[in-house]
Amino acid sequence: MARKKVTVVGAGNVGATCAHWIASKELADVVLIDIIEGAAKGKALDLAQSGPVMDFDLHITGGSDYAASADSDVVIITAGVPRKKKPDGTYPSRDELVKTNQDIVGQVTREVVKYSPNAILIVVSNPLDAMCHVVLEESGFPANRVIGQAGSLDTARYKTFLAMELGVSVRDIHGLVLGGHGDTMVPLPRHTSVAGIPVRELMAEDKLQAIIDRTRKGGGEIVGLIGVSAWYAPAAGTVEMVEAILKDQKRVIACATLLNGEYGYEKLFIGVPVVLGSTGIEKIIVMDLNDEEKAMLDNSANAVKDVVAVLGY
Ligand code: APR
């Protein structure tokens, strides 16, 4: 079997940690690309040198030249400016970053597709749903090969909080989070279970609502603690998607995908459950939402539309 190859653009916190999880799962050779050549080269070398100890055998390289990324199976785009404290002590919203990251993500995408015309692109840069539109536009790829990472992270946070509250294994929590990647995201308690037992049989409504609220603000909670945005769980969520694609697992994961009429939205990226396999998004699953859930998804879609409007496409 030919070796698989994954390029990670942006060798910052999220990108380097994606490389780390990919290596630890021995999924593929990794190329780290960053505008700061030394950072990409140095982190790749450091990670490669952990192979003899951590027992993985992969080619891990880094630099600024996209030629090294040629013929990647998957390209993860994390380049951009993260949410960081401004000099006045406040934090920019995800939406404030839209224009800066549009330029960065657009330029990165054009370089990536020159060398890997058949790759599947996973978008991580924020504001996530809007950046998916940028990557779709700039790559010219079919929509099944442009996938946004958000649902896997948001769902992982939701499951973690539920497991902490219930004192049970995270492995036994099932559920998913739809919508845009932001405060309007839509955790679905009606579809959440503990080993198949509806969560509402096990948890009081006020506790459940508090967890939903904490999930929605999960990114902000970490920014508030560290001062920059999170990286372990965002990278883990991304690598869950990479693994599903490289191993053709047909995993059902909430991902930002281009909807063309599904859920009543036209030409809009938003998080919904999809089947992920070797060709990327192999199926969009349309759930039977009740009025309350649909209203929350509409609210989230409207928030995404506001940001997408800033792009000017
Ligand atoms: N080309 C390549 N790399 C770039 C470019 C560019 N044009 N512009 C910036 N970068 C690189 C930076 O040099 C940096 O190493 O992108 C990297 C971003 O890393 P961090 O600043 O550490 O940000 P990180 O926390 O990894 O977040 C990256 O993912 O979760 C999202 O909101 C987050 O949009 C942000 C992205």
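Here are some notes:
- Residue match in region 17-38 (condition: open to solvent by less than 20 Å² (accessible area, probe 1.4 Å), within 16 Å of the ligand (Cβ to nearest atom) and over 20 Å from the mean Cα position of the chain (by Cα)): no
- Among the residues of region 1-16, those identified as near the ligand (Cβ under 8 Å from one of its atoms) and either in a helix (DSSP H, G or I) or open to solvent by less than 10 Å² (accessible area, probe 1.4 Å) (or both) are V9, G10, A11, N13, V14, G15, A16.
- Enumeration of residues in region 129-139 that are within 12 Å of I77 (Cβ to Cβ) and buried (at least 24 other Cβ atoms within 10 Å of the Cβ): M131, C132, V134, V135
- Within region 43-51, the presence of at least one residue that is open to solvent by less than 70 Å² (accessible area, probe 1.4 Å), assigned to a helix (DSSP H, G or I) and within 16 Å of the ligand (Cβ to nearest atom) is confirmed.
- Of all residues in region 111-129 being in a helix (DSSP H, G or I) and closer than 14 Å to T257 by Cβ, the one that is nearest to the ligand (Cβ to nearest atom): L128
- From the list K305, K283, the lone residue that is free of Cβ contacts under 8 Å to residues at least 12 places away in the same chain and more than 21 Å from T192 (Cβ to Cβ) is K283.
- Residues that are more than 16 Å from the chain's Cα centre (by Cα) and aromatic (F, W, Y) within region 237-295 comprise Y263, Y265, listed in sequence order.
- Taken together, the criteria exclude E293 from residues that are charged (D, E, K, R), under 23 Å from S24 (Cα atoms), at pLDDT 95 or above and in a helix (DSSP H, G or I).
- Cβ-Cβ contacts under 8 Å between residues 6 or more apart (or on different chains), taken from a first residue in region 69-80 that is free of Cβ contacts under 8 Å to residues at least 40 places away in the same chain to a second residue that is open to solvent by less than 10 Å² (accessible area, probe 1.4 Å) and within 16 Å of the ligand (Cβ to nearest atom), are absent.
- Cβ pairs under 6 Å, 6+ apart, first in region 102-123 and open to solvent by 10 Å² or more (accessible area, probe 1.4 Å), second at pLDDT below 95 and hydrophobic (A, V, I, L, M, F, W, C): Q102/L311
- Pairs meeting the criteria (first residue in region 37-55 and touching a residue at least 12 places away in the same chain (Cβ under 8 Å) and assigned by TED's automatic domain parsing to the domain that holds T17, second residue more than 12 Å from the ligand (Cβ to nearest atom) and among the hydrophobic types (A, V, I, L, M, F, W, C), beta carbons under 6 Å, at least 6 apart or on different chains) are A44/I60; L47/A23; L47/I60; A48/I60.
- The selection criterion, being in contact (Cβ under 8 Å) with a residue 60 or more places away in the chain and among the hydrophobic types (A, V, I, L, M, F, W, C), holds for V6.
- Once region 164-181 is narrowed to residues that are open to solvent by 10 Å² or more (accessible area, probe 1.4 Å) and outside any helix (DSSP H, G or I), the residue that is nearest to D306 (Cα to Cα) is H181.
The values are calculated or read from the model by the stated rules, or taken from the named source; none is laboratory data. In this text the structure is predicted, and so the values were computed from the model without any measurement. For neighbour counting, all protein chains shown are included, and Cβ atoms are generated from backbone atoms with ideal geometry for every residue, glycine included. Protein only, heavy atoms only, side chains kept; ligands, DNA and RNA dropped before computing areas. Shrake-Rupley method; radii C 1.70, N 1.55, O 1.52, S 1.80 Å.
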